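What follows draws every value from the coordinates through simple rules; no lab data is involved. Quantities reported herein were computed from a predicted structural model and do not represent experimental measurements. We place every Cβ from the backbone using ideal geometry, glycine too, and count neighbours over all the protein chains shown.
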Amino acid sequence: MTSLATVTVEAADVTAAQPFYAALGLDHVVRLRASDAPTSGFRGFALALTVARPATVDAFLDAAVAAGGTAVKPGARSFWGYGGVVRSPDGTLCKVATSAKRDSGPATREIDAVVLLLGATDVAETKRFHVEHGLTVAKSFGRKYVEFDAGDSPVRLALYGRRALAKDLGVPEEGTGSHRVVLGGTAGPATDPDGFVWEPIPSAATEASPSTAPRTT
């Protein structure tokens, strides 16, 4: 079964970005690669963390800001629960949320799930692309949201309407240039209808560490 195995975020300054992802507990999920590829505005994706309680949401958001991130949406209650959004030094948007509206205990560092949300212009079309490349649908809500089976991967892949995703994150929908994110798995090499790139998973012998990975343009 094809699934998302790695998430590579491209950053102009890898060193500045590393503490941010560590603060969010994502250093085992996100790989960093140096890149000066032009980009502006909304990059069309986000990393979403699901946790158990509001106190944990706030703890992660505070840690991320202390590590160089910028608050986009402070933690707050919503119809669905409690959550907030922070932007990394490289520009990646990260959402931390819980379905709980009240705390049942103290904050922890436990993460229930990590999801890479891709903003799709046409969710149905992009879903079809990924299914044709071997991914299996786990959840589907028409043209609004699709989540794929994660298999043994620590991160799930999901599709969200681009406009709806930007609204949920609290940012304008407009954006141009590189997405600055690369998906790794057996589906690659391929590029989906929204320009998100899949690449083959590198072998252990040839894989570069985040600080020494080659710069892309």
Checklist outcome for this item: Of 38, 106, the only residue that is surrounded by fewer than 20 Cβ atoms within 10 Å (Cβ to Cβ) and more than 24 Å from residue 162 (Cβ to Cβ) is 106
Checklist entry - Do we find that residue 91 is small (Gly, Ala, Ser), under 24 Å from residue 4 (Cβ atoms) and out of contact with any Cys (no Cβ under 6 Å at 6 or more places or on another chain) in this structure? => result yes
Checklist outcome for this item: Scanning segment 152-166 residue by residue, those surrounded by 15 or more Cβ atoms within 10 Å (Cβ to Cβ) and more than 14 Å from the chain's Cα centre (by Cα) turn out to be 161, 164
Item to check | Those residues of segment 117-149 which are assigned to a strand (DSSP E or B), farther than 20 Å from residue 167 by Cα and of a type in the set (D, E, K, R), in sequence order | outcome: 139
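When you go through 9, 57 one by one, which is the residue that is in contact with a helix residue (DSSP H, G or I) (Cβ under 8 Å, 6 or more places away or on another chain) and either among the aliphatic types (A, V, I, L, M) or crowded, with 21+ Cβ neighbours inside 10 Å (or both)? Let's see the steps before the verdict.
Numbers: 57 fails: in contact with a helix residue (DSSP H, G or I) (Cβ under 8 Å, 6 or more places away or on another chain).
Step by step, each of 9, 57 is checked, and only 9 is in contact with a helix residue (DSSP H, G or I) (Cβ under 8 Å, 6 or more places away or on another chain) and either among the aliphatic types (A, V, I, L, M) or crowded, with 21+ Cβ neighbours inside 10 Å (or both).
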Checklist entry - Based on what the data block shows, is residue 66 surrounded by fewer than 19 Cβ atoms within 10 Å (Cβ to Cβ) and free of Cβ contacts under 8 Å to residues at least 40 places away in the same chain? => result no
Checklist outcome for this item: From the option list 137, 72, 96, single residue qualifying as touching a Lys or Arg at 6+ places or on another chain (Cβ under 8 Å) and either closer than 17 Å to residue 195 by Cα or buried (at least 16 other Cβ atoms within 10 Å of the Cβ) (or both) is 72
Next on the checklist: Yes or no: segment 87-98 includes at least one residue that is free of Cβ contacts under 8 Å to residues at least 24 places away in the same chain, more than 30 Å from residue 187 (Cα to Cα) and more than 12 Å from the chain's Cα centre (by Cα).
Outcome noted: no
Checklist entry - Name the residues in segment 12-50 that are small (Gly, Ala, Ser), out of contact with any helix residue (DSSP H, G or I) (no Cβ under 6 Å at 6 or more places or on another chain) and outside any loop (DSSP other than H, G, I, E, B), would you? => result 16, 17, 22, 35, 40, 41, 48
